[in-house]
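Where a number appears in this text, it was derived from the coordinates with a stated rule and is not lab data. Since we're looking at a predicted model, the values are computed, not measured.
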Amino acid sequence: MSRMIIHCPSCSARYPVDGASFAPSGRKVRCARCGHSWHQSPP
């Protein structure tokens, strides 16, 4: 399992995620704090 930290570009909240859960093209994620959605590239 490769851990990585992603940051919300809207409110700067930080989240630890499992990098293995990302497809080669990345995935769409949503911030639990502010609700902002963005495309996150894989590690």
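Quick look at the numbers
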item: J(HN,Hα) series, segment 37-43, from Karplus relation 6.51 cos²θ - 1.76 cosθ + 1.60, nearest Hz, glycine and proline x; result: 10, 7, 8, 9, 6, x, x
item: Extension gain, HIS36 back to VAL17 (0.36 nm per residue minus Cα-Cα distance, nm); result: 5.2 nm
item: Residue-span extension gain [SER10 to LYS28] - 0.36 nm each, minus C-alpha spacing; result: 5.0 nm
